[in-house]
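Undergrad: A single structure is presented below for examination.
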Amino acid sequence: MSTPERQPASSETVRKHKEFLFPAVANYYQEPLALVKGEGFHVWDDQGDKYLDCFGGVLTVSVGHANPRVNEAITNQINSITHTSTLYANKPQSDLAENLAQITPGRLKKSFFTNSGTEADDTAVHAAKLATGRHEIVVLRHSYSGRSATSLSAQGHAPWRTLPSQVAGFVHAPAPYCYRCPFKLTYPDCGLACADDIEELIMTTTTGEIAAFMAEPILGVGGFIVPPPGYFERAVEITRKHGGLFIADEVQTAWGRTGEKWFGIENWKVEPDIITSAKGLGNGVPIGITIATPEVADKFPGLTFSTFGGNPLACTAALAVLKVIEDDNLRQNSAVVGGYFRDQLEGLKDKYPVIGDVRGMGLMQAMELVKDRDTKEPDPQSVLRIMEETKKHRVLVGKGGLYGNVIRTGMMLNSTKDHVDELIEALDQSFAAV
Ligand SMILES: Cc1ncc(COP(=O)(O)O)c(C=O)c1O
């Protein structure tokens, strides 16, 4: 592919974006980027500048922009049939459902396809309520589930909750956020107080019997908060004691992102009754999945319908993505390159006191910035400045966290140590500059 031509004036696309889109559709950077091309690990803007993409459109471009094997499969499918609706069976949907049943942990078997993580989570909540006959769901503070009424009520961030909760029945447990422990304790002396608190939460704020506990294995939008060892084992035990199912929201953590395992939850010894995912499965093609045990899926009474759910194009892309991950050992690559990356980030932490915490798994790594390592006062201003600097070095990273003080990365699963070196060099120079 040729390099896009540099446009002399500032971006016309950005100007129209500002004029014609909801202002809530906010862009990164003081001078937002309009991207016109993606190839492999790089993207180009409409000014002709090339960037190393270390965020992948929020952990969504998993196997590289315009991956030739994924694109070839999509192109062949476009030339066969692009839409059927779920009123008719289609081969990519059936094959993908079978493939997911094979790679998901435990007894997960039956899939429902949608177009986004929001819909995947909504479907899971709906399914858990129908399967248990109960209506209350335990979720985590600092979690994110999307932008429907249900998802907005479930998530745990004031900045994303622009209306009060519209759907009743969600109760929010303290996050397993060791760096800012809600109980001011330290692992392992804490005895997993945050997990134990779920019992108190259920007994004091619900009817005592719940439909489900829904949690991200690593809280993504929350700033890649990694629960401590033993957390999910305890939390799920309490959930089951009170009649609930366990829903693992793997919208960010699936497909090898955390290294070695297909799913982030496999890093703990628990079996979800439902897994939801989206993002990286389609490598940029919209897809959402809710996969459940037969007992749960079979209790979801008809009718239900999603026009584009199970779309042959999206399912073809997903099948090709899974094949690339498998053929190229990308789950292993995520662990190896992610481990190398983590070491380099720890090196930056030794050098720059503004980095309070480095955390994540595999190729899902983040840094939490603080004004003072003792008070841990969040430093969102430095995140913005670092992002402007890394942009000058032609590297893209993301941000997150309740306070906007976390730099998040989501490098492609096929990234190499050279890409890590390039990112670390840009970060090093950026931290030095601010
Ligand atoms: C953990 C998690 N769940 C659900 C969602 C919602 O997904 P979508 O934006 O595709 O609706 C997101 C989006 O970032 C997410 O990170």
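Undergrad: Sorted by average packing, counted as other Cβ atoms within 10 angstrom per residue and highest first, what order do 348-354, 248-254, 44-50 take?
TA: Highest mean packing first, the order is 248-254, 44-50, 348-354.
Undergrad: Tell me the relative contact order for the chain as a rounded percent, counting alpha carbon contacts under 8 Å between residues six or more apart.
TA: 21 percent
Undergrad: Which value at 222 nm does the chain reach when only helices count, each DSSP H run of 4 or more adding -39,500 (n - 2.57), with the total divided by all residues and rounded to the nearest 500 deg cm²/dmol?
TA: Counting only the DSSP helices, I get -11000 deg cm²/dmol.
Undergrad: Also, I was wondering about something else. Collect residues whose amide H, placed 1.01 Å from N in the peptide plane, falls under 5 Å from the amide H of G244; neighbours closer than 5 in sequence don't count.
TA: Residues meeting the amide H criterion: I210.
Undergrad: Sorted by average packing, counted as other Cβ atoms within 10 angstrom per residue and highest first, what order do 13-26, 366-379, 111-124 take?
TA: Result, highest mean first: 111-124, 366-379, 13-26.
Undergrad: So, one more: Can you tell which of L245, F300, W262 lies farthest toward the positive end of the dipole of segment 193-309, using +1 and -1 charges on the Cβ of basic and acidic side chains (Lys, Arg; Asp, Glu)?
TA: Of the listed residues, the answer is W262.
Undergrad: Could you quote the convex hull projected area for the chain, Cα atoms only and averaged over all directions, in nm²?
TA: 20.8 nm²
Undergrad: Another question about this same structure. Counting only heavy atoms of protein chains, what accessible area per residue, in Å², does segment 293-365 have with a probe of 1.4 Å?
TA: Computed with neighbouring chains in place, this is 42 Å² per residue.
Undergrad: Could you rank the peptides 278-287, 59-68 by their average count of other C-beta atoms within 10 Å per residue, with the highest value first?
TA: In decreasing order of mean packing, 278-287, 59-68 become 278-287, 59-68.
Undergrad: On a 32 Å Cα-Cα criterion, which of the cross-link pairs K50/K109; K129/K279; K371/K417; K184/K349; K279/K417 come out too long?
TA: Pairs exceeding the cut-off: K50/K109.
Undergrad: Something else about it: Please identify the DSSP H helices in the chain that span no less than 20 Å along the helix axis (Cα) and have a mean Kyte-Doolittle hydropathy of -1.0 or more.
TA: Passing helices, by number: 117-132, 312-327, 330-351, 417-433.
Undergrad: Dipole size in debye (nearest 20) for the chain around its Cα centre, Lys and Arg Cβ +1, Asp and Glu Cβ -1?
TA: Once rounded to the nearest 20, the dipole reads 520 debye.
Undergrad: Still on this structure, please answer the following. Using a probe of 1.4 angstrom, how much of the accessible area of segment 276-425 is carbon and sulfur, in percent?
TA: The value for segment 276-425 is 52 percent carbon and sulfur by accessible area.
Undergrad: Tell me the carbon and sulfur percent of the accessible area for segment 59-205, rounded to whole percent, probe radius 1.4 Å.
TA: 55 percent
Undergrad: What FRET efficiency would be calculated for the residue pair Q381, K50, taking the C-beta separation as r and a Förster radius of 30 Å, to the nearest 0.05?
TA: So, using R0 = 30 Å, E works out to roughly 0.60.
Undergrad: Keeping every protein chain present and rolling a 1.4 Å probe, give me the accessible area per residue for segment 54-163 in Å².
TA: 46 Å²
Undergrad: Related question: What percentages make up the Cα-Cα pair-distance distribution of segment 198-283 when the bins are 10 Å wide from 0?
TA: Answer for segment 198-283: a P(r) of 18, 48, 28, 7, 0 percent.
Undergrad: Here's a follow-up. FRET efficiency for N27 and R161, Cβ-Cβ distance as r, R0 = 35 Å, nearest 0.05?
TA: Calculated transfer efficiency: 0.95.
Undergrad: Would you kindly derive the ³J(HN,Hα) couplings of segment 288-304 from the backbone phi angles with the Karplus curve 6.51 cos²θ - 1.76 cosθ + 1.60 (θ = phi - 60°), listing them in order in whole Hz, with x for Gly and Pro?
TA: Values per residue, Gly and Pro as x: x, 10, 10, 10, 10, 5, x, 4, 6, 4, 5, 8, 8, x, x, 8, 8 Hz.
The values are calculated or read from the model by the stated rules, or taken from the named source; none is laboratory data. As the structure is a computational prediction, the values presented were derived from the model and not from experiment. Positions of Cβ are backbone-derived with ideal geometry, glycine not excepted, and every protein chain shown enters the neighbour counts. The protein model used for the area step is the full one, side chains on, heavy atoms only, and it has no ligands, DNA or RNA in it. Shrake-Rupley method; radii C 1.70, N 1.55, O 1.52, S 1.80 Å.
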